[in-house]
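A short worksheet on the structure shown next.
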Amino acid sequence: TVYKITDQFNIFVNFSQGFSLQRFSELLTFPEEGFSISEDVDDLQPQKVSNYELGVRGTWSSFEFTVSGFYNDSKFGVVSIDRGDGLFLPVRAPRRIYGVEATVDWQPFNKLSLGGTVSWQEGDVDVEDDGNYLAITSTEISPLKVTAYVESEFIKGWFNRLQLIVVGDRERAFDDDIDSSPVESYTVVDLISSIQIGPGTFNIGIENIFDNFYFPVESQVLGGTSNDNRRPGRGRTLSFNYRVSF
């Protein structure tokens, strides 16, 4: 449902329901002792999720933004629990995920655009179904994430984009003994440039311009159980390609 306050500003509300099937491969490959398909059929049921969202957005000729909050829950959700040897097994339990997202895009003049996003979310699961909620693992719940970009085409046919991504800390799942290690923040800056040459486009990409040494979120979480899983992100990486469309 959308309510238009003015031609440029409106409020929206959304409700939806969906379901996903259980991950049979994980459940049946490493079943708990005494597991029986006929007796533990509840563990194979699909996960039904109810999602609620409320937000505002504004659109003008050169500026637009959105801010929204969301909440979803499942009374019979699926959560991955580390059984102690590096294997994560699915457990059926009530779970909820909630957060806030915001976007902004601005074109101050014809050849320049800039904007960004902010995303924060958190998640809880009641593993024992006793009202005591614990944090969901950081492999499923991302830490605070901020992105920003600047795009320009001051010379016709030559496009440039500088983009930034900042991933924040997350210690809650570690404090609840869910994650094997806390998540530390990191920042990556990329540059994308393309220019029309002949019948095609020549593209240049520089990933991680400042050659920051960091570990992606999943690597930090899984790296707490085994050094084999603790792999750093790529350093400064250059790519070149020429593309022709016909």
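Checked against the criterion of being at pLDDT below 70, at negative phi and surrounded by 12 or more Cβ atoms within 10 Å (Cβ to Cβ), the candidates 46, 31 yield just one match: 31. Of all residues in region 217-230, none are at pLDDT 90 or above, open to solvent by 40 Å² or more (accessible area, probe 1.4 Å) and out of contact with any Cys (no Cβ under 7 Å at 6 or more places or on another chain).
Among the candidates 61, 38, 25, the residue that is open to solvent by 90 Å² or more (accessible area, probe 1.4 Å) and at pLDDT below 70 is uniquely 38. Can you find, within region 107-117, the residue that is farthest from residue 164 (Cα to Cα) among those that are outside any loop (DSSP other than H, G, I, E, B) and over 13 Å from the mean Cα position of the chain (by Cα)? It comes out as 109. Screening region 199-220 for residues that are more than 27 Å from residue 136 (Cα to Cα) and β-branched (Val, Ile, Thr) and picking the one that is farthest from the chain's Cα centre (by Cα) gives 201. The numbered conditions (1) under 20 Å from residue 164 (Cα atoms); (2) without any contact (Cβ under 8 Å) to a residue 40 or more places away in the chain are all true for residue 183 except (2). Filtered by the rule that a residue be open to solvent by less than 60 Å² (accessible area, probe 1.4 Å), more than 27 Å from residue 115 (Cβ to Cβ) and either within 11 Å of the chain's Cα centre (by Cα) or of a type in the set (Ser, Thr, Tyr) (or both), region 131-154 gives a lone residue, 137. Pairs are defined by a Cβ separation below 6 Å, a sequence spacing of at least 6 or placement on different chains, a first member in region 121-145 that is in contact (Cβ under 8 Å) with a residue 24 or more places away in the chain, and a second member that is of a type in the set (D, E, K, R) and crowded, with 18+ Cβ neighbours inside 10 Å; the pairs so defined are 124/96; 125/95; 133/124; 135/172; 137/179; 138/170; 138/179; 143/170. Counting the residues of region 118-151 that are assigned to a strand (DSSP E or B) and at pLDDT below 95 gives 5. Does region 206-223 include one or more residues that are assigned to a strand (DSSP E or B) and not acidic (Asp, Glu)? Checked region 206-223: at least one residue is assigned to a strand (DSSP E or B) and not acidic (Asp, Glu). Tell me whether region 191-208 contains one or more residues that are under 20 Å from residue 134 (Cα atoms) and open to solvent by less than 70 Å² (accessible area, probe 1.4 Å). Taking every residue of region 191-208 in turn, none turns out to be under 20 Å from residue 134 (Cα atoms) and open to solvent by less than 70 Å² (accessible area, probe 1.4 Å).
Residues of region 155-175 that are open to solvent by 70 Å² or more (accessible area, probe 1.4 Å) and assigned to a strand (DSSP E or B): 155, 158, 162.
Please pick out the residue among 185, 193 that is modelled with pLDDT of 95 or more, farther than 13 Å from residue 139 by Cβ and in contact with a Phe, Trp or Tyr (Cβ under 8 Å, 6 or more places away or on another chain). After applying the criteria, what remains is 193. Among what's in region 207-236 and is of a type in the set (D, E, K, R) and without any contact (Cβ under 8 Å) to a residue 60 or more places away in the chain, pick the residue that is farthest from residue 188 (Cα to Cα). Checking each candidate, the answer is 228.
The values are calculated or read from the model by the stated rules, or taken from the named source; none is laboratory data. From a predicted model like this one, the values you see are computed outputs, not experimental measurements. We place every Cβ from the backbone using ideal geometry, glycine too, and count neighbours over all the protein chains shown. These accessible areas exclude ligands, DNA and RNA; they are computed on the full protein's heavy atoms, side chains included. Shrake-Rupley method; radii C 1.70, N 1.55, O 1.52, S 1.80 Å.
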